[in-house]
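Enquirer: Okay, here's the structure, questions in a sec.
Bear in mind these aren't lab numbers, they're just calculated from the coordinates by the rules spelled out. No experiment lies behind these values; they were computed from the predicted model shown. Methodologically, a virtual Cβ is constructed for each residue, glycine included, from the backbone with ideal geometry; neighbour enumeration extends over all protein chains shown.
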């Protein structure tokens, strides 16, 4: 019964959309890395974000947020996301296997889990800890 409930929640469909966008993003990044440097790909990545940002700004009637703390987190998010994107495109450009690079870099939630435990004081169940260990093992196995 709970399975059917998941299909009715907004977060599930937003998550599916994210997976579809990111999956397509990875292929486009690999294809683009054949013709452009990692730096150029990052520039065009940022340029591609501008229309989305403008639509969001217009949707808010040109009102920006005023929370300095929130703005700091948002800008930091953009910087770290851009640096991560630059690194993954450089990995694609280096001739590495797209499937392996994408899978290994998709294990970034391991870092998120570690930070959530250290910074947010969140706790994991034993089952979740086993899952994190399997994810770590998967990264090692995939790198061979």
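Enquirer: Give me the distance between the Cα centres of the stretch 12-48 and the stretch 78-124, rounded to whole Å.
Expert: One Cα centre to the other: 14 Å.
Enquirer: Then there's this: For a paramagnetic label modelled at 7 Å from the Cα of residue 40 toward its Cβ, which residues of the stretch 90-133 fall within the zone defined by backbone nitrogen distances under 15 Å?
Expert: Zone members listed by number: 90, 93-94.
Enquirer: With r defined as the distance between the Cβ atoms of residue 52 and residue 19 and R0 fixed at 22 Å, what FRET efficiency is calculated, to the nearest 0.05?
Expert: 0.80
Enquirer: Sequence gap at least 6, Cα distance under 8 Å: using those rules, report the relative contact order of the stretch 10-97 to the nearest whole percent.
Expert: Across the stretch 10-97, relative contact order equals 50 percent.
Enquirer: Then there is this: Please state, to two decimals, what the Cα-based radius of gyration of the chain comes to when divided by 2.2 N^0.38 Å (N = residues).
Expert: 1.24
Enquirer: Let me ask something additional. Please arrange 41, 139 by counting, for each residue, the other beta carbons lying within 10 Å of its beta carbon, fewest first.
Expert: Ranked by crowding around the Cβ, least crowded first: 139, 41.
Enquirer: log₁₀ I(q)/I(0) of the stretch 88-144 at q = 0.20 Å⁻¹, via Debye over equal Cα point scatterers, no solvent, to two decimals?
Expert: Calculated log10 I(q)/I(0) at the listed q: -0.77.
Enquirer: For residue 28, project a label point 7 Å along Cα to C-beta. Then give me every residue of the stretch 90-130 with its amide nitrogen under 18 Å of that point.
Expert: The answer is 90, 92-93, 102, whose backbone nitrogens lie closer than 18 Å to the label point.
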